[in-house]
Amino acid sequence: MKIKVFVDSSLLVYLNVRMPGAEAKLVKDFWLDLLLNYLLYTSVLVLDEMIYVSRKKYGVSFADTLDFIDRAVLPYVDILPIGVSEYLKARYL
């Protein structure tokens, strides 16, 4: 059984921006390991933060980031729902 992993925005941002060759290879190799060996999850809030940071800090266009999400995230990562029931459960815990 594969372990569940929550993917946060920092990893997605690094996958989405241009980086020097050695650093880009490390991030891409890490991503490939996650894709092959784990069940990946994230949330719409993470995707929203990734879109914002990619644009604001790194100048990546919205269109390029949305294309990245459509191509490299959505086919492989389950998007968790976030609503009142999740808040109430977290608050209780």
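The values are calculated or read from the model by the stated rules, or taken from the named source; none is laboratory data. Because the structure is predicted, anything quoted here is derived from the model rather than measured. Positions of Cβ are generated from backbone atoms using ideal geometry, with glycine treated the same way; all protein chains shown enter the neighbour counts.
Quick one: VAL5 ticks every box in (1) more than 9 Å from the chain's Cα centre (by Cα); (2) assigned to a helix (DSSP H, G or I); (3) among the β-branched types (Val, Ile, Thr) bar one, so which box is it?
With (1) more than 9 Å from the chain's Cα centre (by Cα); (2) assigned to a helix (DSSP H, G or I); (3) among the β-branched types (Val, Ile, Thr) applied to VAL5, the lone miss is (2).
Is it true that VAL73 is surrounded by 14 or more Cβ atoms within 10 Å (Cβ to Cβ) and either hydroxyl-bearing (Ser, Thr, Tyr) or within 11 Å of the chain's Cα centre (by Cα) (or both)?
yes
Of the residues LYS28, LYS4, which is closer than 22 Å to GLU86 by Cβ and in contact (Cβ under 8 Å) with a residue 12 or more places away in the chain?
That would be LYS4, the only listed residue that is closer than 22 Å to GLU86 by Cβ and in contact (Cβ under 8 Å) with a residue 12 or more places away in the chain.
Would you be able to tell me the number of residues in segment 52-86 that are in a helix (DSSP H, G or I) and either hydroxyl-bearing (Ser, Thr, Tyr) or on the phi > 0 side of the Ramachandran plot (or both)?
Selection size over segment 52-86: 5.
Is it fair to say LYS89 is at pLDDT 95 or above, out of contact with any strand residue (DSSP E or B) (no Cβ under 6 Å at 6 or more places or on another chain) and in a helix (DSSP H, G or I)?
Considered against the rule, which asks whether it is at pLDDT 95 or above, out of contact with any strand residue (DSSP E or B) (no Cβ under 6 Å at 6 or more places or on another chain) and in a helix (DSSP H, G or I), LYS89 comes out as no.
Does any residue of segment 66-86 turn out to be farther than 29 Å from MET1 by Cβ and aliphatic (A, V, I, L, M)?
Within segment 66-86, one or more residues are farther than 29 Å from MET1 by Cβ and aliphatic (A, V, I, L, M).
Return the total of residues in segment 10-51 being in a helix (DSSP H, G or I) and hydroxyl-bearing (Ser, Thr, Tyr).
2
If a residue has to be touching a helix residue (DSSP H, G or I) at 6+ places or on another chain (Cβ under 8 Å), closer than 12 Å to ASP8 by Cα and of a type in the set (Val, Ile, Thr) to count, how many in segment 42-72 make the cut?
2
Which of the following residues is touching a Phe, Trp or Tyr at 6+ places or on another chain (Cβ under 9 Å) and not hydrophobic (A, V, I, L, M, F, W, C): ASP78, ASP70, ASP33?
Numbers: ASP70 fails: touching a Phe, Trp or Tyr at 6+ places or on another chain (Cβ under 9 Å); ASP33 fails: touching a Phe, Trp or Tyr at 6+ places or on another chain (Cβ under 9 Å).
Answer to the check: ASP78.
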